[in-house]
Amino acid sequence: MLKKSLLILLLSFLMSAQAQVNAELNTANIYTNVEKSVYQIRVINKQTGKKSSIGSGFVVTKENILATNYHVVSEYINDPDVFSLEFLSTTGATGPLELVDFDIVHDLAVVKAKQPMGVPLRISYLPEKGASLYSLGNPMDLGFTIVKGTNNGILTKDEDGNILFSGSLNPGMSGGPTLDETGNIIGINVATSGNDISFLVPAEYLTVVLDRLKESSFEAVSDRFAHSSGQLLANSQKIVNKMLNNKWSGTKIGSFVVPAEVDKSIRCWDASRTPKKDDLFRTYFTRCSNEDNIFISSRLNVGSINYEYMWLETEKLSPTRFYRRYEKVNSSVIGGHAGKRDVTNFSCHTDFTKIGEHDFKTSVCRRDYLKYTGLSDMLFTTAMVGQKDKGFLFNLDLTGTDPKAALALFQSMLEKFKWQN
Amino acid sequence: MAKLILETIQRGVHHYHKVDSFPVTIGRAFDNDVILQDVTISPHHVVIDQEGDDLYIQNLSTENGTKLRKKPMGDERVNIEAPCSFQMSGVKARLLPIDMPVESTHVKDCSGFFCIFSNPLWAIGLLLATIAMFFYERYVTTPVPKEIFFYLNTVLPSIWIILGITVVISGISRISTHRWEIIPAISIAALIFLLPQLFEYIGHYAAYLLTEDSVGLWLKYAAKFIVIPALIAVFIVKTIHAKWLPAAGIAALVYSPFLAYQVLILVDELSLKSGFSEVPSYSQTLLPSDTRLNATISLDQFIKEADKEITKDVEQMLSAAKKKEQES
């Protein structure tokens, strides 16, 4: 019996050691197989000839076509007169690249080289959760590396539906391929939160771009800003329409029942002030956000949807004192770093409206993007009036959105307000 | 020969000497007819004499000399006629006929209860009202329970500033009119704080009434640029009994350092308004009384009106930006 047990133990040890050797061989094989199809993508300042930003890319669909992230080549896309694109191979060879197409929403870009760049990698479906994945790239400009990690599936709360990759991606690996155990692409490296929490763009979005390119015989996009605007506008309309079609659950804030999370991409947090014993007024504050941004350039992000509810009430403050406090918090601003080169000034309209059987002072503000035609930042704010000891504020802002869709969302949300004592 | 008056002006102070007999000697020495205690005056500086109907002036000073009609005099006698101005070193002088008419009396045109610059009750009332305003402002903007010492602590510096301004205004009155004028000084010091705050209250109320916050802003500017200088001018007219035009000039001069500072702020604010701003500008005022001219409209109507107005506005801004880009 003892002999038999020892034999089983020895066999299992040998099998485990063999499996480890196989895994190491797999990782090494995968790297060897695809190494010649993976490149560093560099954005070069034409004036200085030095690289301004770096990322990774890989050959896909055709020998001279490479895929990478939009954010890797965004400087070049937004300012082609100042910057140029270049590749660096694992052997140290360099050469120019041209932009062909991009998907700004899913952070993808397709570039073209003048010569064949290697064997195109094949796109495949995402394997089951827990499967091993291999991510390639050139982190921190230190040299080409391969990182092993685990597939943790599509993020359902993320509007982009990115893949959660439990592996260590680092700056410079953006745009590199992530492969399954057979060496097929399942995603494109895009972001990391550190501690082995990384994100990949599902390869199916790249397929959409490549299919579109095949139809146009890989003709490069002519008007990059119009191309971006169209994609951002369509995405904004899709998201807002999805929100409008959702069945919203209600949440009670003070005496109002209001829409809570209008979509699964929205997360709400309580941000109320902790009550104190001698407080003269009470505040209930809920803040909701899609916690998402679409990268346009290093100082421009769009696609955020934020809204907040604030209820204030008092039994001890006089109306004048209470309203001083209420007025002080009646201020709303929009996030982001859009400057005068990006957007117009805000135009606002204010009036008194009937919402949930009560009077509200409501304002709508809009500013448009100068280069991205049709795209606006919208800010909505409404404050209950006519109640001497109660106040209710609702602020909603959307960046880089279709103004009509945003207005429809605002109206729909307000129409759901119900007064409930 | 009619009698003459010798007017000397030393450091802004006027002295008048009756000239009954000739010759008249002027200087720092005690044996002169007119003694001037000024270090720039010689012991025997000038002599004025009369021969028949003719008047003569002679410079005796070899140190700092005398100027007649802005020209330095030698040691010769010069024939003059009253009125006549001359300058003995740092002391100005005029020889005036005794029957020369003087300026008409400035009549004090305000007396009684409604004269805020002369009635002590007003001064005390305005001071108390200002202190009460400070307390009220601090109280309404503090929505948490606080002890009376908290309010005292924050209000006392403002009270010291009022008293400081009172002392400065009184000091200026003392120098210019030889009167302290404490009561008017208290009134104006209190009003300098009270009136802008009053304008702010009116502006706030008007902003909500009209659903237009810029009304409040313009009233704030009006208080800073018109009301305070006007107040100073009224103070000068009523207290020092000056005429309106010089009073307005003095008020502008006195207020000019503050005015320059306020202009700087205004220019900053206007350039921010005319330039790019990341912050949306919309009517944020809220009033517990809910007094307003705009009636409540339906949400649907509001959305339609807002969409129409802001779309037009933004399109104008976009086309202006495009035009600017083409020009550059």
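Taken together, the values in this text are just the output of simple stated rules run on the coordinates, not laboratory data. Since this is a predicted model, take the numbers as computed values, not measurements. Cβ coordinates were reconstructed from backbone atoms using ideal geometry, including for glycine residues, and neighbour counts include every protein chain displayed.
Comparing A:126, A:407, A:210 in a Gaussian network model of chain A, where Cα atoms under 10 Å apart are tied by springs, the biggest mean-square fluctuation is seen for A:407. Look at the dipole of region A:230-419 built from charges on Cβ: of A:240, A:349, A:401, the Cα furthest out on the positive end belongs to A:349. Restricting attention to region A:31-221, the count of lysine pairs at 8 or more positions apart or across chains with alpha carbons under 28 Å apart stands at 25. Inter-chain neighbour count for A:413-421: the average number of beta-carbon atoms from partner chains within 10 Å of each residue's beta-carbon is 1. Between B:125, B:272, B:59, the Cα set farthest toward the positive side of the dipole of chain B (charges on each charged residue's Cβ, about the Cα centre) is that of B:125.
Taking Cα pairs under 8 Å and at least six residues apart, what relative contact order does chain B come out at, in percent?
Values: 392 pairs, mean separation 34.5, N = 328.
Value for chain B: 11 percent.
For the residues B:37, B:262, B:197, a GNM of chain B with alpha-carbon springs under 10 Å puts the largest fluctuation on B:37.
Here residue B:243 is the anchor, and the lysines within straight C-alpha reach of less than 20 Å, apart from those fewer than 8 places off in the same chain, are B:108.
Around the amide H of residue A:137, modelled in the peptide plane, lie the amide H atoms of A:145, all under 5 Å away and 5 or more residues distant in sequence or on another chain. Per-residue extension of 0.36 nm, minus the Cα-Cα distance of residue B:298 and residue B:44, leaves a gain of 82.0 nm for this segment.
Kindly identify region A:311-421 as rounded, prolate or oblate by the Cα gyration tensor criterion: order the square roots of the eigenvalues as a ≥ b ≥ c, call it rounded if a/c is under 1.5, otherwise compare a/b with b/c, prolate if a/b is larger, else oblate.
prolate
Computed on the Cα trace of region A:31-221, the radius of gyration divided by the Kirkwood hydrodynamic radius gives Rg/Rh = 0.94.
Across the protein assembly as shown, Cα-Cα pairs more than 50 Å apart make up 47 percent of the total. Residue-wise HN-Hα couplings along region B:239-244, as the Karplus relation 6.51 cos²θ - 1.76 cosθ + 1.60 with θ = phi - 60° gives them from phi, are 9, 8, 6, 7, 7, 4 Hz; Gly and Pro carry x.
For the protein assembly as shown, the Cβ-based charge dipole about the Cα centre amounts to some 1200 debye (Lys, Arg positive; Asp, Glu negative; other atoms uncharged).
Dividing the helix sum by the residues of chain B, where each DSSP H run of 4 or more adds -39500 (n - 2.57), gives a mean residue ellipticity at 222 nm of -16500 deg cm²/dmol.
Across all Cα atoms of chain A, the radius of gyration (one decimal) and Dmax (whole number) stand at 26.5, 90 Å. Shape analysis of region A:235-355 yields a ratio of the Cα radius of gyration to the Kirkwood radius, Rg/Rh, of 1.02. Counting Cβ atoms of other protein chains within 10 Å of each Cβ in A:314-325 and taking the mean gives 4.
Result for chain B in a Gaussian network model with C-alpha springs under 10 Å: among B:230, B:129, B:82, the largest mean-square fluctuation is at B:82. Each part gets one Cα centre, and for region A:194-270 versus region B:1-49 those centres are 97 Å apart.
Tell me what chain A gives for mean residue ellipticity at 222 nm when only DSSP H runs of n ≥ 4 count, each as -39,500 (n - 2.57), the sum divided by the residue total, rounded to 500 deg cm²/dmol. Spell out each step's value before the answer.
Values: 6 runs with 101 residues, N = 421.
Result for chain A: -8000 deg cm²/dmol, rounded to the nearest 500.
Annotation: the residues B:315, B:181, B:147, sorted from fewest to most other C-beta atoms within 10 Å of their own C-beta, follow the order B:147, B:315, B:181. If you sort the three axes of the alpha carbon gyration tensor as a ≥ b ≥ c, you get a/c of 1.5 or more for region B:173-328 and a/b no higher than b/c, which makes it oblate.
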